[in-house]
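Novice: The structure under discussion is supplied below as structure tokens; questions concerning it will follow.
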Amino acid sequence: VNHFAPFLLTHELVPVLSPAARVVNVSSIAHNRGRVTVNDLPVPKTFDGYGVYAASKLLNVYFTHELALRLSARGKTVSTFALHPGVITTKLLQSGFGMGGASVESGARTSVFCATSSKVGASGTYYSDSREVACAPHANDRALEQALYEKSCQLTGCAPL
């Protein structure tokens, strides 16, 4: 759900997006610990709750990068961004990890920044605390981004952009 839902929704919306539109994918710092291969889709062979969560957030970053390149290659000026909202008090955090974090309002700030600010950087960039930051080094694997994108298209029935 963390990967395929926004992937499919984005593909359905691309034809009607205005040239100034922005696609904002809420990832997580957890993407740093994520690992995924094409053979893991749709479901990894072994299941570890946090591992699958981290992998889904890595997929969000890979998709953001690949979407930026594919839209640009089609002459579209739609921008894409991925972000870490912070450690936010959610039901998942409380029940899954027994802890709290920052407010939901705080967690929304970077999403709103990426969606509205004139100070965002290039399409495909990653943000935390409303600043462009580097994503995990392994989140910049072009061959894997392309392969995962193609596999995601197969699994969702989307035509590749």
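Novice: Restricting attention to strands (runs of 3 or more DSSP E) lying wholly within the stretch 71-161, give those where 1 or more residues are free of Cβ contacts under 8 Å to residues at least 24 places away in the same chain.
Specialist: Correct list: 131-133.
Novice: Scanning the stretch 1-33 for residues that are under 19 Å from L93 (Cβ atoms), within 14 Å of the chain's Cα centre (by Cα) and free of Cβ contacts under 8 Å to residues at least 60 places away in the same chain, which turns out most open to solvent (accessible area, probe 1.4 Å)?
Specialist: Among those that are under 19 Å from L93 (Cβ atoms), within 14 Å of the chain's Cα centre (by Cα) and free of Cβ contacts under 8 Å to residues at least 60 places away in the same chain, it is V1.
Novice: Next question. Quick one: how many residues across the stretch 34-70 are aliphatic (A, V, I, L, M), part of a loop (DSSP other than H, G, I, E, B) and surrounded by fewer than 17 Cβ atoms within 10 Å (Cβ to Cβ)?
Specialist: Of the residues in the stretch 34-70, 1 are aliphatic (A, V, I, L, M), part of a loop (DSSP other than H, G, I, E, B) and surrounded by fewer than 17 Cβ atoms within 10 Å (Cβ to Cβ).
Novice: Only one of A139, A102 is open to solvent by less than 70 Å² (accessible area, probe 1.4 Å), hydrophobic (A, V, I, L, M, F, W, C) and closer than 18 Å to L67 by Cβ. Can you tell me which?
Specialist: After ruling out the rest, the residue left standing is A139.
Novice: Condition check: open to solvent by 40 Å² or more (accessible area, probe 1.4 Å), of a type in the set (A, V, I, L, M, F, W, C), within 15 Å of the chain's Cα centre (by Cα) and over 17 Å from V26 (Cβ atoms). Does A73 satisfy that?
Specialist: No; evaluated as a whole, the condition is false for this residue.
Novice: Right, another one. For T116, are the conditions met, namely being surrounded by fewer than 12 Cβ atoms within 10 Å (Cβ to Cβ) and among the polar types (S, T, N, Q)?
Specialist: Spelling it out, T116 is indeed surrounded by fewer than 12 Cβ atoms within 10 Å (Cβ to Cβ) and among the polar types (S, T, N, Q).
The values are calculated or read from the model by the stated rules, or taken from the named source; none is laboratory data. Worth saying up front: this structure is predicted, and the values here are computed from it rather than measured. Using ideal geometry, Cβ is built from the backbone for each residue, glycine included, and neighbour counts are taken over all protein chains shown. SASA here: full protein model, heavy atoms, side chains in, ligands and nucleic acids out. Shrake-Rupley method; radii C 1.70, N 1.55, O 1.52, S 1.80 Å.
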